[in-house]
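As structure tokens, the structure follows; a few thoughts come after it.
Derivation of every value follows stated rules applied to the coordinates shown; laboratory data play no part. Small disclaimer: the values here were computed from a predicted structure and weren't measured. Methodologically, a virtual Cβ is constructed for each residue, glycine included, from the backbone with ideal geometry; neighbour enumeration extends over all protein chains shown.
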Ligand code: 4AD
Ligand code: MG
């Protein structure tokens, strides 16, 4: 099987024996003495392995000297301990097979130099080859695996919820339509509306904004569940924190109130950041050095310090009396802006804060009404630098209250009949939350824009690749 450079550098192969590695050239350096040094990476770890290539090789002039950054090779040679510092092992090459040269090195978009993050974004199909692209990809993978591992260890079942749906979970009207109707020749009803009964599903269908409603049905049978998959929002917000297609982790817990959901979120974040610092020390050292000097400290703060919990009403008080001038006015009932959220997390608390019990009018229909009848058992987890990382709530399990809320919000109970069934047949208190996965990766790496932590970002006017 193909050997990974990670395993070679970790000392899993005996020295002084022959070994073959595959990878791409990061750099080539030639000495006057007629030796070339190839730094070869295969994406499996941050570091490259060095191959020392003598000019005695038959194809030295014809092949080796043509290798440039990005070229693909298969190198066979003797594995030796590296005398140089920084590297554990290197290869004394006896054979270099060129698998693919870079056609025109002068115009190779990923040539060995520092590229701006915006430039890399425009070359999304090539950016995984760069140091930062590889590091982001490995961190993203580690975080995803750690989430699955954490939830699995706690007895949560991973539920595959549908991407195509008829219901708007968040009620924000930000859904992408899924349709096979001929746009140039739409069927019309007598009233002149588009006739979706002729569409593929026989009714209007959309890409899901959240798997929550579906995963609630499994929660009310399996107790501890989660969904982890892509979600879609047609919100026209061109910000560094919004994508039209993003991944969300949504645990849902039966017999649990909001406090239990908050505890799970806190424990999960702690677990995944610990795993990240242990498993990807190489990439995290790179982010610390090149992207954000405070990133590792920030993760350690999350690991070590309890999250502050604060009621929305108290937060309003703090914002009104902090002496800071905000662009958007602060009053009870207002939907907080990112300037407010950032003030609370960054300046007031200096760490993640769980803000809870929001006014019902700014939150979704499914959130449980508190006894004060003005607020709902909702929570947002706000983190320094990124703002809202998590949104969650206790769900309204009382049918009569849910029906009142649906009516208040002008939603048709017929559309939610299956959701109402959960409240009719053995209803139980339950709670859950959604973690925006790209916001987590951005937070964990110090990268400022969520577009740079997902392989192919989808944003307004951009669905390239
Ligand atoms: O707060 P939101 O809208 O909550 C829900 O969708 C609930 N149904 C979740 C649940 O309770 N199961 O979204 C949850 C999280 C946000 O806190 C944010 O991190 C992320 O999803 N998010 C986005 N991330 C990237 N781009 C967008 N456009 C996002 N919208 C939300
Ligand atoms: Mg939210």
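Tabulated data for the structure shown
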{"quantity": "Degrees separating the helix 281-290 axis from the principal Cα axis of the chain, which is the longest one", "calculated": "90 degrees"}
{"quantity": "Packing-based order for 192-202, 375-385, 228-238, 177-187, using average beta carbon neighbours within 10 Å, highest first", "calculated": "375-385, 228-238, 192-202, 177-187"}
{"quantity": "Proxy reagent accessibility, fewest Cβ within 10 Å first, across 36, 31", "calculated": "31, 36"}
{"quantity": "Principal-axis tilt of helix 295-304 within the chain, Cα atoms, nearest 10 degrees", "calculated": "50 degrees"}
{"quantity": "Helical contribution to [θ] at 222 nm, DSSP H n ≥ 4, -39,500 (n - 2.57), averaged over the chain, rounded to 500", "calculated": "-8500 deg cm²/dmol"}
{"quantity": "For peptides 387-395, 334-342, sequence by mean Cβ density within 10 Å, most packed first", "calculated": "387-395, 334-342"}
{"quantity": "Extension gain, residue 285 back to residue 101 (0.36 nm per residue minus Cα-Cα distance, nm)", "calculated": "63.1 nm"}
{"quantity": "The stretch 205-313: translational diffusion in µm²/s, Stokes-Einstein, Kirkwood Rh over Cα pairs, 37 °C, 0.692 mPa s", "calculated": "196 µm²/s"}
{"quantity": "Debye intensity ratio I(q)/I(0), log10, the stretch 289-423, q values 0.19 Å⁻¹ (C-alpha model)", "calculated": "-1.05"}
{"quantity": "The stretch 129-194: translational diffusion in µm²/s, Stokes-Einstein, Kirkwood Rh over Cα pairs, 4 °C, 1.567 mPa s", "calculated": "76 µm²/s"}
{"quantity": "Contour excess over end-to-end distance, with Cα ends at residue 263 and residue 321 and 0.36 nm allotted per residue", "calculated": "18.0 nm"}
{"quantity": "Whole-angstrom Cα spans of the stretch 410-452 along principal axes, big to small", "calculated": "46, 24, 14"}
{"quantity": "Kirkwood-based Rg to Rh ratio, the stretch 55-132, C-alpha trace", "calculated": "1.04"}
{"quantity": "Per-bin percent of Cα-Cα distances, the stretch 353-446 [5 Å]", "calculated": "3, 13, 21, 19, 17, 11, 8, 5, 2, 0"}
{"quantity": "Per residue Cα convex hull volume in Å³ - calculated over the chain", "calculated": "197 Å³"}
{"quantity": "Order of 373, 74 under a 10 Å beta carbon neighbour criterion, fewest first", "calculated": "373, 74"}
{"quantity": "Packing-based ranking, highest mean first, of 423-432, 12-21 given that Cβ atoms within 10 Å are counted", "calculated": "423-432, 12-21"}
{"quantity": "Residue order, fewest to most surrounding Cβ atoms within 10 angstrom, among 170, 245, 347, 396", "calculated": "347, 245, 170, 396"}
{"quantity": "Three principal axis lengths of the stretch 19-169 [C-alpha, angstrom, descending]", "calculated": "68, 36, 25"}
{"quantity": "Length-normalised contact order for the chain - Cα pairs under 8 Å, 6+ apart - percent", "calculated": "13 percent"}
{"quantity": "Between 0 and 90°, nearest 10: helix 212-222 axis offset from the chain longest Cα axis", "calculated": "90 degrees"}
{"quantity": "Label point at residue 122 placed 7 Å out along Cα→Cβ; residues across the stretch 85-115 whose backbone nitrogen lies under 20 Å", "calculated": "104-115"}
{"quantity": "Additional length obtainable on full extension of the chain from residue 13 to residue 200, 0.36 nm per residue less Cα span", "calculated": "61.7 nm"}
{"quantity": "DSSP beta bridge pairing in the stretch 43-104, given as percent antiparallel to the nearest 5", "calculated": "75 percent"}
